[in-house]
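S.K.: This structure is in structure tokens; I'll ask about it shortly.
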Amino acid sequence: MSENANVYDVNKKYTWGPEDTFQLSGRDFGLVLNALRSVLNTPEAAQIILANEANKSIEEVMAKAVSLGIAKEATE
């Protein structure tokens, strides 16, 4: 009996292109949506989201400082 190469194996890594499409049933879509909402509505998630926004802001400040010559690349 030959092994089918198109059988999903949880222990393997897979890849796909940005144009590829995955179809979710309404049940699966609801599970994903509710799981994400549940995680994102925690105090910990709010802190991480705020930290990410602060990081974006400081990266913009650094980019401006570099472009103006205020911050310079460190040499070792």
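S.K.: Inside segment 10-38, can you point out the residues that are surrounded by 10 or more Cβ atoms within 10 Å (Cβ to Cβ) and among the hydrophobic types (A, V, I, L, M, F, W, C)?
M.R.: Residues satisfying the conditions are LEU24, PHE29, LEU31, VAL32, LEU33, ALA35, LEU36.
S.K.: Could we say that VAL7 is aliphatic (A, V, I, L, M) and exposed (fewer than 10 other Cβ atoms within 10 Å of the Cβ) here? First the steps, then the outcome.
M.R.: Details: aliphatic (A, V, I, L, M): yes; exposed (fewer than 10 other Cβ atoms within 10 Å of the Cβ): yes.
So VAL7 fits the description; yes.
Bear in mind these aren't lab numbers, they're just calculated from the coordinates by the rules spelled out. Everything quoted here is computed from the prediction, not taken from an experiment. Here Cβ is always computed from backbone atoms with ideal geometry, including for glycine, and neighbour counts include all displayed protein chains.
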